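Asks: Starting off with a structure, shown below.
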Amino acid sequence: MPDYRRAWHPGGTYFFTVNLLQRQGNDLLTRHVDLLRQTVRSVRKRHPFHIHGWVVLPDHLHCVIELPPEDADFATRWRLIKMEFSKAMPRGEKLSAVRIRRGERGIWQRRYWEHLIRDEADYRAHMDYVQ
């Protein structure tokens, strides 16, 4: 099993890439961008974070967010965003036996890419990427 190492930094600013499971020809995120916005707002009310930049593409998204001081739990935020968005979507996607056994939907990839922003130059480079 791969060893995923996460950079847990309270109050950190992070760049994320989050992908749909089915990437080819899938425009789910842009078709349901209002639902995604509503989901993010809902999660932010319970688990605050500041959005510096966010871009939604048809099959994935990129964002730069900052967590509150003393808080490094971006994993809960992404789990809730993915879960609430998925629950609001009608069922119909193809599911593998593993996803069925785990009670998962077939909307999001399980993992995501996370990068802790190191300095101002790193911040500018990632903000340029999401704009």
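What follows is calculated from the coordinates using simple rules that are stated; it is not laboratory data. For clarity, every value in this text was computed on a predicted model and none was experimentally measured. All Cβ positions, glycine included, derive from the backbone under ideal geometry; neighbour counts span all protein chains shown.
Asks: Restricting attention to the range 73-98, report how many residues are farther than 23 Å from Thr13 by Cα and either touching a Cys at 6+ places or on another chain (Cβ under 8 Å) or of a type in the set (S, T, N, Q) (or both).
Replies: So the answer is 2.
Asks: Can you list residue pairs whose Cβ atoms sit under 6 Å apart, with the first residue in the range 107-131 being among the acidic types (Asp, Glu) and the second being surrounded by 15 or more Cβ atoms within 10 Å (Cβ to Cβ)? Count only pairs 6 or more apart in sequence or on different chains.
Replies: From residues that are among the acidic types (Asp, Glu), the pairs are Glu114/Tyr14; Glu114/Phe16.
Asks: Taking the condition closer than 19 Å to Trp8 by Cα, in contact (Cβ under 8 Å) with a residue 40 or more places away in the chain and in contact with a Gly (Cβ under 7 Å, 6 or more places away or on another chain), does Val64 pass? Walk me through how you get there before you give the answer.
Replies: On the way: closer than 19 Å to Trp8 by Cα: yes; in contact (Cβ under 8 Å) with a residue 40 or more places away in the chain: yes; in contact with a Gly (Cβ under 7 Å, 6 or more places away or on another chain): yes.
For Val64, the condition - closer than 19 Å to Trp8 by Cα, in contact (Cβ under 8 Å) with a residue 40 or more places away in the chain and in contact with a Gly (Cβ under 7 Å, 6 or more places away or on another chain) - is met.
Asks: Follow-up question, since we're still on this one. Need pairs with beta-carbon distance below 6 Å; first residue over 13 Å from Leu61 (Cβ atoms) and within the range 19-46, second polar (S, T, N, Q); sequence gap 6+ or separate chains.
Replies: Close Cβ pairs (under 6 Å, with a partner that is polar (S, T, N, Q)) amount to Leu21/Gln109.
Rundown of residues vs (1) among the β-branched types (Val, Ile, Thr); (2) loosely packed, with under 12 Cβ neighbours inside 10 Å; (3) assigned to a strand (DSSP E or B); (4) on the phi > 0 side of the Ramachandran plot, yes/no style:
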| site | (1), (2), (3), (4) |
| --- | --- |
| Pro58 | no, no, no, no |
| Glu84 | no, no, no, no |
| Gly92 | no, yes, no, yes |
| Val98 | yes, yes, no, no |
